[in-house]
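Values in this text are rule-based calculations from the coordinates and carry no lab data. Note that the structure is predicted; figures quoted are calculated from it, not measured. With ideal geometry, Cβ positions are generated from the backbone for all residues, glycine too; neighbour counts draw on all protein chains shown.
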Amino acid sequence: MSKEVVLSENAGFCFGANRGYNAVKDAISEGIPIYTYGPILNNSFIVKGFEERGVRVINDLSELDSLPKGKIIIRSHGVSKAEYERLTDSGFEIFDATCPFVKRIHRIVEKESMGGREIIVVGNPRHPEVMGIVGWSVKGATVIENSEEADRFSFDPDKSYCVVSQTTFNRNKFQELVELFEKRSYNILVMNTICDATGVRQTEAEELSKRAEVMIVIGDRQSSNSKKLYEICKSNCEQTYFIQELSDIVGRLPKVSGLVGITAGASTPKYIIEEVQSYVRNDV
């Protein structure tokens with residue numbers, strides 16, 4: 001059997017990541033100070049490349065007072081309502097590159113919390129997207145990441161609930177958690193807010209990894225959606241490698257006679273994917 005290399009069709013930049021990336025790239029040519037509120041993407045190579053071209057990452061709103069006026073780009077993960085209002089009142093030019101799928105969650109959470117529902121966010125509580133989502137609820141929110149936390153959560157029979165999800169959460173795990181919630185509360189509104197691109201990418205990764213002898217997932221260590229892809233692939237293909245760049249895998253891969261599958265997270269630039277694909281085709 002000869003080796004076959006298959007690249008997942010929807011590997012790499014999603015719409016939101018591409019929009020944020022292009023917003024920074026285009027702004028650099030304007031000749032004014034350019035800032036991003038938080039790293040524009042969860043990819044250290046992209047962030048470092050932009051920093052070398054003069055783009056500065058702001059990690060705290062207190063920094064605004066000491067910075068020369070210029071343009072601030074809000075990253076695709078979005079921000080809380082309080083942060084958004086502080087930024088728009090700062091005197092800086094603001095470009096909001098929040099992913100439209102994330103914006104939709106902000107609107108849902110604000111509306112449903114104002115209507116009296118308690119908000120449950122399924123996702124990683126330390127992820128910037130989730131922290132931003134929580135900040136659009138008028139009375140706070142509960143973040144639940146796994147079944148153990150779901151089991152511990154105490155539903156009040158006199159309250160109504162709205163459940164949303166981090167856009168990059170594992171869709172199968174989301175469904176499992178929703179089933180746990182629905183067994184314990186009747187007054188619950190579930191909004192599946194996992195973005196289409198994430199769902200498609202996860203489905204492709206699942207199907208490809210079931211056929212693969214070796215699976216390669218390309219993404220930054222801080223990228224939530226890349227980690228989810230790795231988990232999915234690893235569950236189907238024991239020889240799954242999670243890498244950030246080509247050098248992470250040179251000399252590590254076994255000789256392969258079957259199928260090598262490649263997928264990549266939403267913040268992985270095209271050139272890294274192409275480098276890895278070329279190496280696997282020619283040298284493994």
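Packing-wise, with mean Cβ within 10 Å as the measure, how do 226-235, 114-123, 160-169 rank, highest first?
Listed from highest to lowest mean packing, they are 160-169, 226-235, 114-123.
Report the residue, chosen from ALA97, ALA11, ALA27, that carries the largest GNM mean-square fluctuation when the chain is represented by alpha-carbon nodes joined by springs under 10 Å.
ALA27
Defining a contact as two alpha carbons under 8 Å apart and six or more residues distant in sequence, what relative contact order in percent does the chain show?
It rounds to 23 percent for the chain.
Take the chain, connect every pair of alpha-carbon atoms lying under 10 Å apart with a spring to form a Gaussian network, then pick out the residue of TYR241, TYR37, TYR271 with the largest mean-square fluctuation.
TYR271
Sort the chain into rounded, prolate or oblate with this rule: let a ≥ b ≥ c be the square roots of the eigenvalues of the Cα gyration tensor; rounded if a/c is under 1.5, and if a/c is not under 1.5, prolate when a/b is larger than b/c, oblate otherwise.
oblate
Based on the mean of other Cβ atoms within 10 Å per residue, sort peptides 205-216, 55-66 so the most packed one is first.
205-216, 55-66
With springs connecting C-alpha atoms under 10 Å apart, model the chain as a Gaussian network and identify which of ASP196, ASP156, ASP96 has the largest mean-square fluctuation.
ASP156
What number, rounded to the nearest 500 deg cm²/dmol, is the helix-based mean residue ellipticity at 222 nm of the chain, given -39500 (n - 2.57) per DSSP H run of at least four residues and division by all its residues?
-12500 deg cm²/dmol
Given axes a ≥ b ≥ c from the Cα gyration tensor, I'd like to know whether region 101-190 is rounded (a/c under 1.5), prolate (a/b larger than b/c) or oblate.
It comes out oblate by the Cα gyration axes.
Report the net charge of residues surrounding PRO269, where surrounding means a beta-carbon distance below 13 angstrom and charges are Lys +1, Arg +1, Asp -1, Glu -1.
-1
Give the aspartates and glutamates whose C-alpha is closer than 14 Å to that of LYS228, dropping any in the same chain fewer than 8 places away, or say none.
Of all the aspartates and glutamates, those that pass the test against LYS228 - Cα under 14 Å, at least 8 places apart if same chain - are GLU145, GLU204, GLU206, ASP220.
With a ≥ b ≥ c taken as the square roots of the eigenvalues of the C-alpha gyration tensor of region 15-98, please select rounded if a/c is under 1.5 and otherwise prolate if a/b is larger than b/c or oblate if it is not?
Verdict is oblate for region 15-98.
Over 20 Å between Cα atoms, which of LYS111/LYS139; LYS103/LYS227; LYS48/LYS270; LYS48/LYS103 qualify?
Beyond 20 Å: LYS103/LYS227; LYS48/LYS103.
Among DSSP beta bridges lying fully in the chain, give the percent that are antiparallel, nearest 5.
About 0 percent, rounded to the nearest 5.
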